[in-house]
Structures are given as C-alpha cells and as structure tokens.
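Here the structure comes first, spelled out in structure tokens, and everything after it is commentary.
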C-alpha cells in the first residue's frame, strides 16, 4: 500500500466536555460527548477534510470510544492502517470544563490508556519514508520516553526532501531540562514551527516571545505564531508580517490550533505562497471554533473559501 501524502502520530483520545460554563469538576454536573480528539488526530482529520490524503499511527482500546475515533477517520478517509486496537487497554480520554473567562481545565487519562502505549515499534519506516509531510507536536514528545522515540523514528524515516512541521503545544508544567534537551533534534529538523502565543519563549528558554520566534527564524525555520482571533504572525527570511484573523462566533476553541496547522499544511501542499497559506490557515482555524467538539468544526475547502470571500481584507505588512 502506498503512503498518504501527510502522516502524523500520537495520542488518540475522546473528549468529554462540561455543557455549562463554570461547572468545576468537583461539582455534580452535565457532560457532552464523546467527541473524537487528540491534537494530531484533529490535525489529520482536518487535512483529509481539506482534500489531501492523510494517515495516522497510534492506538485505541477495543471499546466504543476507540470505535468513535476510528469511525471518524473512516468518514474522512484518514488511513488508519497503522492504528492498533489494544484489547487490554481503554481508549484515552480528556475531560474538559470551561470557565466564563475563557479558561479551561483538563483531566487526562492517556499514559495508562492505549494512547500511552505507542512506541518506536509502532512506526513503519517505509510508511513515513513515502510521505511528503510529517506533523509532530510537543505533547506527544512528553507522554512517555517510548512516545518520544516513536516521534524520532518517524522523523528520521522521512526522506530528505520531505517537510516536517512542529507544533510545540506546550504546557508550562511539562517543562524540565530533559524535555528541553529532547526537543532539540525535533526543532533542528523542522521546516515549519507553529507555536501559540507564549510558547516560543518557553520552548527557547527566553523572556520575550517575539524574540524567540525571530531566533527560531534565524535558524532557517518558517515560524507561524498562532494568535487566536487576531490571526497569526509570520517570521521568515529575516522579515515578519501579520495576517489578520476572521470574525466568527466562538463556540468551542478546543482543537482550533491543530486545525490551523492542518489548514497551513493543505495550503502549502497546494503550492500557495506563504502569505496566502497563512491567510487560508487563519480561515480554517476560525471555522474550527464555530462548533462544539475538537473535530466538529473542521471545515471543507468550500466552507473556507466562502468565509474568505465573505470577509476580504488587506493582508497587513
């Protein structure tokens, strides 16, 4: 079987969300879900929905939650040939509560779940070698040492001309000297780095976020800093420019950054120039927040084009 154009790997989760705002986990309340989730699963689902072939390497349990994720992959045409179904593990879960100030709280079940069992033996080198693009995230580097080694194996298997994109997806509580060291080979190989605001400075051990993005760009990277509703800031080839966002009604921000990354991947595979690709990614990320659930707002190409036509704006310099 030939490889898809885009490959990713990592944690496969379902997300179970509080329905109302300001319902902390310690109180009795109501939930909605399960919604198929996981940062890299959200990414490949969106890539496929935008019309490019995508495949995933990971693991789910032999349960209804696992089938929930695999059914979504099947609906979107994501190749799950290298997703293992583990009969002795449950599918990973994330519980989410939302506050009225926009903050979120998470409870994860992943290290002991099927999601946490991925290791280098899961990664078929020939599958990765045949792909044009590999997407990695920081979260999947820190789950377990085996997960980190799986990411390294996939990256090293990519052909020299293939693209590697990296979304740091950092939580401050993850940071330690070991992790800072582990990130170095990923950063060194990555062609595109896509941090959210505040992440570049954490990743680079610097006090200023913009300076950290510029430092990454001096290493030959193209850096797209995700800025939510404001759009994104691009750092590349010694210059920096802002690409404005799109006005939408936000329902659920979870997964928007991963969907933005997918939009950028799709645009670059379509051979758009960097400014146009960033604008397309902004539109994809904006539409992602308009429905509840990390994958539910993932748009079709037609929906993206309609939003861009409805809100034409001058690209800032």
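Among 22, 79, the ranking by other beta carbons within 10 Å of each residue's beta carbon, starting with the fewest, stands as 22, 79. Take the Cα pairs of segment 144-276, get the Kirkwood Rh, then feed it into Stokes-Einstein at 37 °C and 0.692 mPa s and tell me D in µm²/s. It diffuses with D of about 209 µm²/s by this estimate.
Normalised size of segment 12-73, defined as Cα radius of gyration per 2.2 N^0.38 Å with N residues, equals 1.33. Here each label is just a point 7 Å from Cα along the line to Cβ, and for residue 241 and residue 146 those points are 4.7 nm apart.
With a 10 Å Cβ neighbour count serving as the proxy for reagent exposure, in which order, fewest first, do 8, 159, 240, 53 appear?
Ascending number of Cβ neighbours within 10 Å: 159, 240, 53, 8.
How high is the relative contact order of segment 137-229, in percent, counting Cα pairs under 8 Å that sit 6 or more residues apart? Walk me through the numbers on the way to the answer.
Numbers: 110 pairs, mean separation 23.9, N = 93.
Taking the mean separation of contacting Cα pairs over the length of segment 137-229, I get 26 percent.
With Cα atoms defining each centre, segment 258-300 and segment 79-137 are spaced 21 Å apart in the structure. Taking all Cα pairs closer than 8 Å and separated by 6 or more residues, the relative contact order of the chain comes to 16 percent.
Restricted to Cα atoms, segment 1-141 shows a radius of gyration and a Dmax of 15.7, 50 angstrom. For a modelled paramagnetic label at residue 81, 7 Å from Cα along Cα-to-Cβ, the residues of segment 1-19 in reach, with backbone nitrogen under 12 Å, are 1-5.
Legend: ranking of residues 260, 280 from fewest to most surrounding C-beta atoms inside 10 Å; resulting order 280, 260.
Tell me, in nm to one decimal, what length is gained between residue 121 and residue 210 on full extension, where the rule is 0.36 nm per residue of separation less the Cα-Cα distance?
Values: separation 89, 0.36 × 89 = 32.04 nm, distance 3.82 nm.
Roughly 28.2 nm would be gained on extension.
What does the convex hull of the alpha-carbon atoms of the chain project to on average, in nm²?
Details: hull surface 62.1 nm².
Mean projected area for the chain: 15.5 nm², to one decimal.
Taking the centroid of alpha carbons for each part, segment 1-36 and segment 176-216 are 26 Å apart.
All of the numbers you see were taken from the coordinates with simple rules; none came from a lab. What you are looking at is a predicted structure, and each value in this text was computed from that prediction instead of being measured. Backbone-built Cβ (ideal geometry, glycine too); neighbour counts: all protein chains shown.
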